[in-house]
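Visitor: Shown below is the structure under consideration.
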Amino acid sequence: MPLPDVNAVLRTYLVANAGLITLVGTPLPVRIYCPRLPENAVLPAVGFFVRGGTSTPYIPNIPTPSFQFDCWGRSVIEARAVYRAVYDALQGIQNIAVVIAPTTYYILSAREEVQGQDLADTTEVPNYFRVLTFFEVMIRGID
């Protein structure tokens, strides 16, 4: 089996999470972007991408990427609420099936590597606040 598209697997899982979608799914479309938010994106929103990670030759096709999450809001409070929803969706999950037909993938585990950091760049992007966090996620695919 080829290496799974970890971005697609994780986004498929996140867009099905009710707690997160309550914040970034209305109005539609769902605002979970990979790798970055588009210009003039509606907030609140989430952007994420792989920033590295590990794999082992002894256990093929089970990558453990490290993801960077940018949780965006119109205020620090809103950005932090999005971060908490991402945290609740991922922290400590185990053996979660994610189907991207015809393949079933499993998020074997997820853990936060770095707690959310409040960031604001009011000079370049006014009224865009974000909380930055990193998660390690282990993924496996099964035909």
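Visitor: Can you tell me how region 6-142 classifies by the Cα gyration tensor, rounded, prolate or oblate, using a/c under 1.5 as the rounded cut? Don't skip to the answer; put the middle values down first.
Guide: Working: a/c = 2.14, a/b = 1.68, b/c = 1.27.
Prolate shape, in that a/c is at least 1.5 and a/b is the bigger ratio.
Visitor: Among Tyr83, Val15, Pro57, flag the residue with its Cα farthest along the positive direction of the charge dipole of the chain, charges on Cβ as +1 for Lys/Arg and -1 for Asp/Glu.
Guide: Val15
Visitor: Here's a follow-up. Give a quick list of trypsin sites (Lys or Arg not before Pro) in region 1-43 that DSSP marks as loop, anything other than H, G, I, E or B, with at most 15 other Cβ atoms within 10 Å.
Guide: Values: sites: Arg11, Arg31, Arg36; in loops: Arg31, Arg36.
In loop regions of region 1-43 (DSSP not H, G, I, E or B), the sparsely surrounded trypsin sites (Lys or Arg not before Pro) are Arg36.
Visitor: Mind checking the full-extension length gain between Thr104 and Asn7? Use 0.36 nm per residue of separation minus the Cα-Cα distance, one decimal, nm.
Guide: Values: separation 97, 0.36 × 97 = 34.92 nm, distance 1.46 nm.
Working it through step by step, the gained length comes to 33.5 nm.
Visitor: Okay, moving on. If R₀ is 22 angstrom, what is the calculated FRET efficiency for the pair Ile62 and Ala97, using the beta carbon separation as r and rounding to 0.05? Walk me through the numbers on the way to the answer.
Guide: Working: r = 15 Å, r/R0 = 0.68.
For R0 = 22 Å, the calculated efficiency reads 0.90.
Visitor: Still on this structure: Taking the simple approach of a point 7 Å from Cα along Cα-to-Cβ for both Arg111 and Phe49, what is their distance in nm?
Guide: With each label point 7 Å from Cα toward Cβ, the separation is 2.7 nm.
Visitor: As a test of the formula, what do you get for the chain when each DSSP H run with n ≥ 4 contributes -39,500 (n - 2.57) and the sum is divided by the residue count, at 222 nm and rounded to the nearest 500 deg cm²/dmol?
Guide: Numbers: 3 runs with 32 residues, N = 143.
Computed ellipticity for the chain at 222 nm equals -6500 deg cm²/dmol.
Visitor: Just tell me the longest site-free run in the chain, where the sites are GluC sites (Glu not before Pro) in a DSSP loop having at most 15 other beta-carbon atoms within 10 Å. Walk me through the numbers before you get to the answer.
Guide: Details: sites that count: Glu39, Glu124.
So the longest stretch without any such site is 40-123.
Visitor: Could you tell me how far the Cα centroid of region 14-42 sits from the Cα centroid of region 68-143, in Å?
Guide: About 11 Å separates the Cα centre of region 68-143 from the one of region 14-42.
Visitor: Count neighbours as other Cβ atoms within 10 Å of each site's Cβ, and list the chymotrypsin sites (Phe, Trp or Tyr not before Pro) in region 1-59 that are DSSP loop with at most 16 such neighbours. All intermediate terms of the calculation are to be shown ahead of the outcome.
Guide: Working: sites: Tyr13, Tyr33, Phe48, Phe49, Tyr58; in loops: Tyr58.
In loop regions of region 1-59 (DSSP not H, G, I, E or B), the sparsely surrounded chymotrypsin sites (Phe, Trp or Tyr not before Pro) are Tyr58.
Readers should treat all values here as calculations from the given coordinates under stated rules, not as data from a laboratory. Here the structure is a predicted model, which is why all the values come from computation and not from measurement. Positions of Cβ are generated from backbone atoms using ideal geometry, with glycine treated the same way; all protein chains shown enter the neighbour counts.
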